Amino acid sequence: MGRRAASPAGGPVAAYDGTDSRPSLRARWLASRMRQLRDDQGLARRFVTAHLDVDLSEFGRFERGEHAFTRERVNALLDVYRVHDPDERDLLLRLAQAVWQSGSELDFDGAVPDASFADLLWLESHATHIRCYSPLSIPDLLHTPSHAEQTARSAAGITAGQERIAAWQRLTADRQQRLDLHPERVELTVVMDACALSRPVGSPRGWQDQLDHIRQAATLPNVTIRVLPTDVPRPTAVDGAFSIFDLPSRYPAPQVVHIPYLGGRLFLEDSHAHATAFEHLYRVASDVDQPTIRIPSEQER
C-alpha cells in the first residue's frame, strides 16, 4: 500500500510503492491550488457543491487530491472562484487534464511499471532543466536501445517478453526526444560515478556502443556530463541516485526531486539539501571528455 512520509528537508513529500492508492503529484498540486482559491473567496464547501451539484464527500476527496474532476468541472470551479487570469486558468486546466493520465493509460503497451512513473514522465516533459546524479548506473535519458533492453529485462515488474522490451525501448526513445527538440529542448546535467562507466551491462559490443553514445551526447549544447573519480569523496549523506527537475515559475513548486528506490519512488518539493549536494558533486566531478576521465575502449574490454 502507498504511504506518505515526512520530508527531511521540510517540504511536501509523496512516496509510492507501485500501487495507485496515493494521489499523484499532479493531483496534489491541482487540489492544493483549487483549495487555496476557494479559501481566498471565503466560500464554504457546501455552497460550492450545491452550485455544481456535486456530492460533499466527493468534493472533499477532490480537494485532497484523491479524486479527479473532469477538465469541464474544474473550468466551472474556476468561474465560481472568479479566476480570470488566462495564464493561471490555462495552467490549472492543463493539470486537470494531466491528472487523468495514469501509468496504465499511457500508450506504451504496458511498459510503464506503475502509476507514479507517470509523474516522472510528466516532470521530464515539463522541466526546463534536469539535474541527475547516478552513482551506480547510466541514467535512462542516456541509454542506447540495447542498454534500454537490458534495463527492461532486469527491472522489477517488467517481464522479459519481447513486446514489453520493445515497448520500453520506444518509451525510452520518446523520453530522450526533448534532448534535441527545438525550441523546447531540455537542459540536462548529469553527474555519474566513474564506477558506472566501468561496470559492463549486456554484450561487449552493446556496452561499447553505450559508452560511445555517452561521448556523443556530451557534445550536445544542452547536455553536460561529468564524472566523479573514485578517489573523490562524496557528501556523506548522499548514498543513492536522485534527479532534480527545474520547472517553469508558473508551477506550484519550482523544483521537484525524484528519488528512485526498489519498488517505488519518492518525490520531494523544493529540497534544498539535494540541490546543495548536487552542486558539490558537480564541482568535484570532471567533464567526461577530460584526460583524467577514461572511458574504456573496446580494445581495453
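Converting phi to 3J(HN,Hα) with the Karplus coefficients 6.51, -1.76 and 1.60 and the offset θ = phi - 60°, region 214-219 yields 5, 4, 5, 4, 5, 8 Hz in sequence order, with x at every glycine or proline. Seen from L91, the other residues with C-beta closer than 12 Å to its C-beta sum to a net charge of +1, counting Lys and Arg as +1 and Asp and Glu as -1. Under 1.5 on a/c is rounded, so check that first for region 184-223, then, if it is not, pick prolate when a/b is larger than b/c and oblate when it is not; a ≥ b ≥ c are the square roots of the alpha carbon gyration tensor eigenvalues. Here region 184-223 falls in the prolate category. Over all other residues within a Cβ to Cβ distance under 13 Å of H280, the charged ones net out to +3, with Lys and Arg as +1 and Asp and Glu as -1. Phi-derived couplings, Karplus 6.51 cos²θ - 1.76 cosθ + 1.60 at θ = phi - 60°, listed residue by residue for region 238-252: 9, 10, x, 6, 7, 10, 10, 9, 8, 10, x, 4, 6, 7, x Hz, with x used for Gly and Pro.
When you restrict to C-alpha pairs under 8 Å that are six or more residues apart and normalise by the size of region 138-271, the relative contact order lands at 19 percent. Apolar share of the accessible surface for region 176-269: 54 percent from carbon plus sulfur atoms, 1.4 Å probe. Backbone amide hydrogens, once placed in the peptide plane, bring I225 within less than 5 Å of V190, V288, excluding anything fewer than 5 places away on its chain. With all pairs of separate Cα atoms included, region 135-250 yields a Kirkwood hydrodynamic radius of 15.6 Å.
The values are calculated or read from the model by the stated rules, or taken from the named source; none is laboratory data. Since the model is a prediction, treat every value here as computed from it, not as a measurement. Quick reminder, even Gly has a Cβ in these numbers, built from the backbone with ideal geometry, and neighbours come from all protein chains shown. Heads up: the accessible areas ignore ligands, DNA and RNA and are worked out on the full protein's heavy atoms, side chains in. Shrake-Rupley method; radii C 1.70, N 1.55, O 1.52, S 1.80 Å.
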